[in-house]
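What follows is one structure encoded as structure tokens, with my remarks underneath.
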Amino acid sequence: MKQIILIKYGELTTKKGHTKYFINCLYKNINHKLKGISVSIKLEMKRMFIELDDKDLDIVLDRLKYIFGIHAIVVCSKVENNIDDIKKKALELMKKEVFTSFKVQTKRSYKNFSLNSLEINKLMGTYILENIANIKVNVHNPDILINIEIRNSNTYIYVDEIKGLGGYPVGILGKGMLMLSGGIDSPVAGYLAMKRGVELECIYFESIPHTSIEARNKVINLIKKLTMYTRKITLHIVPFTQLQETIYKNIDSKYMITIMRRMMYRITEILAKKTKSLIIINGENIGQVASQTLESINVINEVTNMPIIRPVSCMDKLEIIAIAKKINTYNISILPYQDCCTVFVPEHPIVKPQLKDVLEMEESFNYQNLIDKCLNDIITIKIDDSQASMQDDLL
């Protein structure tokens, strides 16, 4: 038995002049996520229709829930464009539901149909009332909303819809380089950037033996979660040990985090340009730690002209945690493996650094040679969605 899934675009249809491009990108992303399953996908400017075997319905619905650009997912019935077939199928669907009030909502994009939307609503409402006992019409707050969409070739009828992720299809706006630590915030920042259509590459700074292979594996598992929402993510692992130890030995301890972050930004910018990334993305949250006060952000940001996107910068921590739990990264992020940002942390890091002091301290060692070594020794790993799972990875 065949099933029909109707995809609603939502925000994509508001982009005049670019709608076709957005929809085609969404189609490619859906087609990729449904590879290995026998489906037929039909594109229209307002809707997309997926025809599939009944046995594959649950797995297709599950995969569609992780695709940005979808406003709603609807399992619907398809009938011919005649009122008798519409009445018969609508009644059949309504008899499967438990309700006391209902509303009929018709969209008629096929303007040659003999009745207009209001006439269809009235006709269908009367027909359902005549054939199902103890119910009433409620146009303001119904228990059940039955939708009838009359399109050029067929009519589609449905009762329920599944909310999609919304946003833009991943990839339509180009690439961003995500500064990914093992914490809670940066994976959420990556997720939110993808929701706006940004394709991700990730950079991770490790300082072995001060950080561990377990910390690296933690980051890899976080990326596996993020690939549920895209096709693949490339991870660049930066060996940061020598540069971080040099900072520790040469810099006033309260300025260590400030200068370390400046070095990270320098390296990230170079790698971002090399990989044709258009922006840098990170999980900085205003005021959360010493390096994220406005004064610190200003001084740290001074080393790069590349746009920095901070999707969680103004969120409450509990809001960030809620998203982390939703995307199943939280249980990985709280595993007790230190990253570069949590080793060598001074007891009293400066919260209002002065740029002139920072510049003077940086002149005390040859950081450019150390940056070049970091870049030359980068380890690159490609992670695709075949490795992804929404099951919790506890390493």
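The values are calculated or read from the model by the stated rules, or taken from the named source; none is laboratory data. This is a predicted model, so every value here is computed, not measured. As a convention, Cβ positions derive from the backbone with ideal geometry for all residues, glycine included, and neighbour counts pool all protein chains shown.
If you check every pair at least six apart or on different chains, which have Cβ atoms under 8 Å apart with a residue in the stretch 1-27 that is free of Cβ contacts under 8 Å to residues at least 40 places away in the same chain first and a residue that is assigned to a strand (DSSP E or B) and loosely packed, with under 15 Cβ neighbours inside 10 Å second?
Sorted first by the residue in the stretch 1-27, then by its partner, the pairs are Ile23/Leu43; Asn24/Leu43; Tyr27/Leu43.
Filtering the stretch 22-81 down to residues that are closer than 18 Å to Lys163 by Cβ and aromatic (Phe, Trp, Tyr), which residue is surrounded by the fewest Cβ atoms within 10 Å (Cβ to Cβ)?
Tyr66
Select from the stretch 283-318 the residues that are over 19 Å from the mean Cα position of the chain (by Cα), under 18 Å from Arg262 (Cβ atoms) and small (Gly, Ala, Ser) and write down the one among them that is surrounded by the most Cβ atoms within 10 Å (Cβ to Cβ).
Ser296
In the set Ser181, Ser186, Ser153, which member is of a type in the set (S, T, N, Q), under 19 Å from Leu222 (Cα atoms) and modelled with pLDDT under 95?
Just a single option satisfies the conditions, and that option is Ser181.
What about Ile257, is it assigned by TED's automatic domain parsing to the domain that holds Val351, without any contact (Cβ under 8 Å) to a residue 24 or more places away in the chain and under 17 Å from Ser181 (Cβ atoms)?
It is false that Ile257 is assigned by TED's automatic domain parsing to the domain that holds Val351, without any contact (Cβ under 8 Å) to a residue 24 or more places away in the chain and under 17 Å from Ser181 (Cβ atoms).
Do we find that Ile247 is of a type in the set (A, V, I, L, M) and either touching a Ser or Thr at 6+ places or on another chain (Cβ under 9 Å) or closer than 17 Å to Lys382 by Cα (or both) in this structure?
No: the conditions fail for Ile247.
Looking at the stretch 225-246 only, could you name the residues that are outside any strand (DSSP E or B) and touching a residue at least 60 places away in the same chain (Cβ under 8 Å)?
Passing the criteria: Lys225, Leu226, Thr227, Met228, Tyr229, Thr230, Arg231, Phe240, Gln242, Leu243, Gln244, Thr246.
Only one of (1) farther than 21 Å from Gly190 by Cβ; (2) crowded, with 18+ Cβ neighbours inside 10 Å; (3) touching a strand residue (DSSP E or B) at 6+ places or on another chain (Cβ under 9 Å) fails for Ile208. Which number is that?
Checking Ile208 against (1) farther than 21 Å from Gly190 by Cβ; (2) crowded, with 18+ Cβ neighbours inside 10 Å; (3) touching a strand residue (DSSP E or B) at 6+ places or on another chain (Cβ under 9 Å), the one that fails is (2).
Only one of (1) part of a loop (DSSP other than H, G, I, E, B); (2) among the hydroxyl-bearing types (Ser, Thr, Tyr); (3) in contact (Cβ under 8 Å) with a residue 12 or more places away in the chain fails for Thr342. Which number is that?
Condition not satisfied by Thr342: (3).
Scan the stretch 254-262 and give yes if some residue there is part of a loop (DSSP other than H, G, I, E, B) and modelled with pLDDT under 95, otherwise no.
No - not one qualifying residue is present in the stretch 254-262.
How many residues, within the stretch 75-88, are aliphatic (A, V, I, L, M), farther than 24 Å from Asp385 by Cβ and outside any helix (DSSP H, G or I)?
Of the residues in the stretch 75-88, 1 are aliphatic (A, V, I, L, M), farther than 24 Å from Asp385 by Cβ and outside any helix (DSSP H, G or I).
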